[in-house]
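This report refers to the structure that appears directly beneath it.
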Protein chains: 2
Amino acid sequence: MTYCVALKLNAGLVFASDSRTNAGVDQIACFKKMRTFVNPDDRVIVIMSSGNLSITQNAINLLEQRGRHFDQRNIWDVDSMFEVAQLLGEALREVRQHDGVFLAQNNVDASANFIVGGQLRGEAMRLFLVYAEGNFIEAGEETPYFQIGETKYGKPIIDRVINSDTPLSDAVKCVLVSFDSTMRSNLSVGLPIDLVCYNRSSLKLDFQRHITQDDAYFSQISRRWSEGLKGVFASLPNPEWLRDIDMSHRFSADS
Amino acid sequence: MTYCVALKLNAGLVFASDSRTNAGVDQIACFKKMRTFVNPDDRVIVIMSSGNLSITQNAINLLEQRGRHFDQRNIWDVDSMFEVAQLLGEALREVRQHDGVFLAQNNVDASANFIVGGQLRGEAMRLFLVYAEGNFIEAGEETPYFQIGETKYGKPIIDRVINSDTPLSDAVKCVLVSFDSTMRSNLSVGLPIDLVCYNRSSLKLDFQRHITQDDAYFSQISRRWSEGLKGVFASLPNPEWLRDIDMSHRFSADS
């Protein structure tokens, strides 16, 4: 399983992905699910992926490969993030067309999703979600984030905390809490986490961190969040209408 | 969509189900998803359902219908909750066999799940999860709860708080927080909530409540949980290693 999340805020972009990949219970391994394409002062592009690993890797490799040949339209010379998302969707379709039939013969799921975001000189920051069919949508003001993979456990905290005005440091804190909730509930999402922060219009990779089990900050967030939740729960009032049942239990004869 | 959860604790059983049913976006309605079968001093049986409404209703109606004819094995005369789960699984298979082909012709999903729990005189309390295929599993010490329907959003708080020793009042509080999280993240799960509490070995329906939008306690829990979470989040330390990026952003030239 996979969990990836990206936020598009006024202050900048935050990307985070886990590294756990399982191709069957006895083939659990770590693979980077984040790729960055950076030409300082010109463009910063970050791609995260979920789904069939051979499909997602090949689609991104195709994108990268074509970037080496300047005779065709590629991620280094297109003028907009919209075109970057187009190129990625096309690469995904191409790989699925090439491999899909063979995977289907063994009932292997060939689906894959991408989050792609960043900024190109002359354009604002943009963030896209590419579906398994190669079509895509763009994040707007109302929903300034995308998730792929195991999305549900980590969604509530994002919905409660994030809006376009959230500062980058709060956004990173929120993303880590979101990962903590996801990893607690789904063991197939796991550390290390790849984290990237991008300052609006900096046109460079401002901050990158590989968060492993030894990361003191992540451990602290995880522990204090857990203690905090339990504290809030304990402080909630008991239902008055249940007082009778608790009493009756105290005096009831047990089997 | 549906959300149902049942807990089996040393103190007793807690059951809760929502009431939202959607058969297409313009057919949203309320249906009770909980049925109780009580013969005081002899047996208390609670059944909750998710999935295709005609399938789940018909399966339970079949069970109820057969309970009126004492010439065949039925829920009122079997000796164990295991047999109750068997009867329910068989009723589900029968209804799916009867209607499934016709639903499949229109690509209608005929799947359904049940949680069934309670206590029969001479036996301990028991709790079962009946799968769409009619087979079932029983809750044990390690996992003292079952969920069906939209299970993910409401699972983390249960995992953090509930164990077999949890008192009924805390369990009810936890179940309501679990519903609050689910309803916030999935609009197709909605009030009212049907809540049932059963004291171990009482062999009667100890407590029943229909929680609507006007329920002062539920509103209070919902509001204080939300405020509490935001408070805990705000109290978490900021990542020190991000101080530079926040600074750099403050001084960066914006597009």
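The values are calculated or read from the model by the stated rules, or taken from the named source; none is laboratory data. Just so we're clear, the structure is a prediction, and the values are computed from it rather than from any experiment. Heads up, the Cβs are rebuilt from the backbone with ideal geometry, glycines too, and the neighbour counts pull from every protein chain shown.
Here are a few things to note about the model shown:
- The residues on offer are A:Thr151, A:Thr212, and the sole one that is polar (S, T, N, Q), within 13 Å of the chain's Cα centre (by Cα), surrounded by fewer than 21 Cβ atoms within 10 Å (Cβ to Cβ) and at negative phi is A:Thr151.
- Long-range neighbours under 6 Å by Cβ, at least six apart or interchain, first residue over 20 Å from A:Arg160 (Cβ atoms) and more than 12 Å from chain A (Cβ to nearest Cβ) within the range B:181-193, second at pLDDT 90 or above and not in a strand (DSSP E or B): B:Pro192/B:Thr212; B:Ile193/B:Asp18; B:Ile193/B:Phe179
- Contact annotation: residue pairs with Cβ atoms under 7 Å, 6 or more positions apart or on different chains, pairing a residue in the range B:3-31 that is of a type in the set (Phe, Trp, Tyr) with a partner that is at pLDDT below 95 and part of a loop (DSSP other than H, G, I, E, B), are B:Tyr3/B:Asp18; B:Tyr3/B:Glu150; B:Tyr3/B:Gly154; B:Tyr3/B:Val189; B:Phe31/B:Ser19.
- Taking the range B:177-200 as the range and being polar (S, T, N, Q) and at pLDDT 95 or above as the test, the residues that pass are B:Ser178, B:Asn199.
- Residue within the range B:96-104 that is within 30 Å of B:Leu7 (Cβ to Cβ) and buried (at least 22 other Cβ atoms within 10 Å of the Cβ) present: no
- Set A:Leu87, A:Leu9: member being closer than 23 Å to A:Arg126 by Cα and within 14 Å of chain B (Cβ to nearest Cβ): A:Leu9
- Among the conditions (1) at positive phi; (2) crowded, with 17+ Cβ neighbours inside 10 Å, A:Tyr3 misses just one, which is (1).
- Among the candidates B:Glu90, B:Glu64, residue that is out of contact with any Gly (no Cβ under 8 Å at 6 or more places or on another chain) and of a type in the set (D, E, K, R): B:Glu64
- The range B:144-178, subset of a type in the set (Val, Ile, Thr) and in contact (Cβ under 8 Å) with a residue 40 or more places away in the chain, residue farthest from the other protein chains (Cβ to nearest Cβ): B:Ile148
- Considering (1) among the acidic types (Asp, Glu); (2) assigned to a loop (DSSP other than H, G, I, E, B); (3) touching a Ser or Thr at 6+ places or on another chain (Cβ under 8 Å), the lone condition that B:Asp77 does not fulfil carries the number (3).
- Positions within the range B:96-140 being closer than 26 Å to B:Asp41 by Cα and not in a strand (DSSP E or B), in sequence order: B:Arg121, B:Gly122, B:Glu123, B:Ala124, B:Met125, B:Ala139, B:Gly140
- Checking each residue in the range A:141-151 for being within 15 Å of A:Cys4 (Cα to Cα) and assigned to a loop (DSSP other than H, G, I, E, B) picks out A:Pro144, A:Glu150, A:Thr151.
- The range B:207-247, residues that are facing another protein chain (nearest Cβ under 7 Å), part of a helix (DSSP H, G or I) and within 17 Å of A:Glu240 (Cα to Cα): B:Tyr217, B:Gln220, B:Ile221, B:Arg224
- Criterion violated by A:Leu203 - all others in (1) at pLDDT 90 or above; (2) within 7 Å of chain B (Cβ to nearest Cβ) satisfied: (2)
- Annotation: of all residues in the range B:1-25 being touching a Pro at 6+ places or on another chain (Cβ under 7 Å) and part of a loop (DSSP other than H, G, I, E, B), the one that is modelled with the lowest pLDDT is B:Ser19.
- Residues of the range B:167-186 include none that is farther than 30 Å from B:Asp42 by Cα and in a strand (DSSP E or B).
- Being touching a helix residue (DSSP H, G or I) at 6+ places or on another chain (Cβ under 6 Å) and not small (Gly, Ala, Ser) holds for only one residue in A:Asn135, A:Asn199, A:Asn163, and it is A:Asn199.
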